[in-house]
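Below is one structure, written out as structure tokens; the observations come after it.
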Amino acid sequence: MATATFLSFSAAAPSPRARASRVQTTRAAASATDRPREVVSPKRRLPLRKVPGDYGPPVVGALRDRLEYFYGPGGRDGFFTARVRAHGSTVVRLNMPPGPFVARDPRVVALLDAASFPVLFDTSLVDKTDLFTGTFMPSTELTGGYRVLSYVDPSEPNHGPLKSLLFYLLSHRRQHVIPMFREVYGDLFGLMENELSRVGKADFGHYNDAAAFSFLCQALLGRDPTESALKGEGPKLITKWVLFQLSPLLNLGLPKLVEDSLLHSFRLPPALVKKDYDRLADFFRDAARGVVDEGERLGVPREEAVHNILFAMCFNSFGGMKILFPTLVKWLGRAGARTHGRLATEVRDAVRAHGGGEVTMKALAEMPLVKSAVYEALRIEPPVAMQYGRAKRDMVVESHDYGFEVREGEMLFGYQPMATKDPRVFARPEEYVPDRFLGEDGARLLRHVVWSNGPETASPTLQDKQCAGKDFVVLIARLLVAEIFLRYDSFDVQVGASALGSSVTVTSLKKATF
């Protein structure tokens, strides 16, 4: 998954290998200051404009921006919207957290519209080395001493074998994905129904964590983690491990000074989570032996393969399901009974006509509204909000109206929710419109759905950083929607905030009547 995978985040100087890769041809524009400046951008002949904004005094400016980002009015969205409004531009200079004393250089050129954002996908223009989490990179002590695939640029020789390994992981047991999903998530809804009958509400996220990890391990590896030494502790261990990687970027709701000092100013010591990580690694050494064997055939050393599989399944895939599934349930729950009725009719008719009463790929193909509803959730609230890349050459980045000169070595940052809610691309961008992507007009909009570090109309390759699990994520999200509306005519939710997305409590489940 993304990336992202689902669900790829140190603003250290580019490696020698990355610097060498800059010889590739790009859409370069004016370069050094002593050369004549172009008066228009080269691609669409847009007028050139200097990137507005400033970074403020060293350290002080970064601290100021960090506090506003985490604690200012309007939250994270408000931080970027205020910059756009102040400078009259969707391409601006600003500091991105965490800054001092975690990241050496917080300065970025922010791309805050659908026109400029896609430059981050072009690996001929930007280098992705060590930029999965942005302006800092978590210690490799948290990943077994390895730089896992998410931090590896496509120009590096181990990128291709590692991504091939993940393609194999996602595909070699594909026939088990649908039946295992239905089995595990069927149990989830049974547990939620019992909880609802006892106390009148059920925390979807709590049940989803256990179900997601169980499904991934059983579908992709053929192993039930509860029957291993992990017992039922896998999700708890993963969540703690992810916290140690992402704590400089999280807002946990602690008092401002405590949280900023504890989480955003220093790294949590990896030693505190080593035993937990070792337990996860031991599980994957055993459960993923067949996939590790394939990695060895691809040229990936066995231990490196173990830690890449662990990261892909626990950080990317489990982490993605932990964010995306509550988000999807939230927006569907808010969509109301009329939308629920349309989805239930489509799902049940397709299963009866094309699945013989079962959910099959053929039946899923006859559920266009389900697919559109999933794409719309990925558009309005993408599970990975931020992307980074370091400019390989002097070049021009274009918004809708202007070209902006960016210098070699500058960090480009894209805030995806502003790109996927760009009012110049999407009508009613702040609304969840489940049928937005139906028909020819809807299909044309799919290139602007970019949650996977690439357009939805593209497929991931060994030469790019698009999420290896892109199609897998969309598939299981469609399966979740289908499972809900096979079982229920409608449902209601209460929504709160959490450190990694939305907290969703289901308050009613109206069982299927037709």
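The values are calculated or read from the model by the stated rules, or taken from the named source; none is laboratory data. Quick caveat, the model's predicted, so the values are computed rather than measured. Glycine gets a Cβ as well: all are built from the backbone with ideal geometry, and neighbour counts include every protein chain shown. Side chains included, ligands, DNA and RNA excluded: accessible areas come from the protein's heavy atoms. Shrake-Rupley method; radii C 1.70, N 1.55, O 1.52, S 1.80 Å.
Name the single residue that is farthest from F132 (Cα to Cα) among those in the range 419-428 being in contact with a helix residue (DSSP H, G or I) (Cβ under 6 Å, 6 or more places away or on another chain) and of a type outside the set (S, T, Y). Steps first, please.
Residues of the range 419-428 that are in contact with a helix residue (DSSP H, G or I) (Cβ under 6 Å, 6 or more places away or on another chain), as a first pass: 419-420, 425.
When the remaining residues are screened for being of a type outside the set (S, T, Y), the result is 419, 425.
Working: A419: 19, V425: 27 Å.
Applying the filter and picking the extreme gives V425.
Checking the structure you have, find out if any residue of the range 464-472 is more than 14 Å from the chain's Cα centre (by Cα) and at pLDDT 95 or above. Full working, then the answer.
Within the range 464-472, the first condition is being more than 14 Å from the chain's Cα centre (by Cα), and the residues that meet it are 464.
Applying the additional criterion that residues be at pLDDT 95 or above yields 464.
Yes, that holds for at least one residue.
Residues that are crowded, with 20+ Cβ neighbours inside 10 Å, among the charged types (D, E, K, R) and either part of a helix (DSSP H, G or I) or at pLDDT below 95 (or both): does the range 138-156 have at least one?
The answer is no; no qualifying residue exists.
Give the residue that is nearest to V351 (Cα to Cα), with candidates limited to residues of the range 361-403 that are of a type in the set (F, W, Y) and open to solvent by 20 Å² or more (accessible area, probe 1.4 Å).
Taking the range 361-403 and keeping what is of a type in the set (F, W, Y), we get 375, 388, 402.
Checking which are open to solvent by 20 Å² or more (accessible area, probe 1.4 Å) leaves us with 375, 402.
On the way: Y375: 21, Y402: 49 Å.
Of everything passing the filter in the range 361-403, Y375 is nearest to V351 (Cα to Cα).
Exactly one condition in (1) within 23 Å of the chain's Cα centre (by Cα); (2) in a loop (DSSP other than H, G, I, E, B) is not met by T81; state its number.
(2)
Any residue at all in the range 250-268 that's closer than 26 Å to K163 by Cβ and either surrounded by 17 or more Cβ atoms within 10 Å (Cβ to Cβ) or hydroxyl-bearing (S, T, Y) (or both)?
No.
Just one of the numbered conditions (1) more than 21 Å from the chain's Cα centre (by Cα); (2) over 30 Å from V406 (Cα atoms) is not true of Y168; which one?
(1)
Whether any residue in the range 446-459 is open to solvent by 50 Å² or more (accessible area, probe 1.4 Å), touching a Pro at 6+ places or on another chain (Cβ under 9 Å) and outside any loop (DSSP other than H, G, I, E, B) is what I want to check.
Among the residues of the range 446-459, at least one is open to solvent by 50 Å² or more (accessible area, probe 1.4 Å), touching a Pro at 6+ places or on another chain (Cβ under 9 Å) and outside any loop (DSSP other than H, G, I, E, B), which makes the answer yes.
For the range 334-347, enumerate the residues that are open to solvent by less than 10 Å² (accessible area, probe 1.4 Å) and either out of contact with any strand residue (DSSP E or B) (no Cβ under 9 Å at 6 or more places or on another chain) or of a type outside the set (A, V, I, L, M, F, W, C) (or both).
If the condition is that a residue be open to solvent by less than 10 Å² (accessible area, probe 1.4 Å) and either out of contact with any strand residue (DSSP E or B) (no Cβ under 9 Å at 6 or more places or on another chain) or of a type outside the set (A, V, I, L, M, F, W, C) (or both), then H340, L343, V347 are the ones that fit.
When you check L131 against the structure, is it crowded, with 24+ Cβ neighbours inside 10 Å, at pLDDT 95 or above and assigned to a loop (DSSP other than H, G, I, E, B), yes or no?
On the way: crowded, with 24+ Cβ neighbours inside 10 Å: yes; at pLDDT 95 or above: yes; assigned to a loop (DSSP other than H, G, I, E, B): yes.
Here the answer is yes, as L131 does meet what is asked.
Kindly list the number of the only condition in (1) closer than 18 Å to V359 by Cβ; (2) open to solvent by less than 30 Å² (accessible area, probe 1.4 Å) that fails for R487.
With (1) closer than 18 Å to V359 by Cβ; (2) open to solvent by less than 30 Å² (accessible area, probe 1.4 Å) applied to R487, the lone miss is (2).
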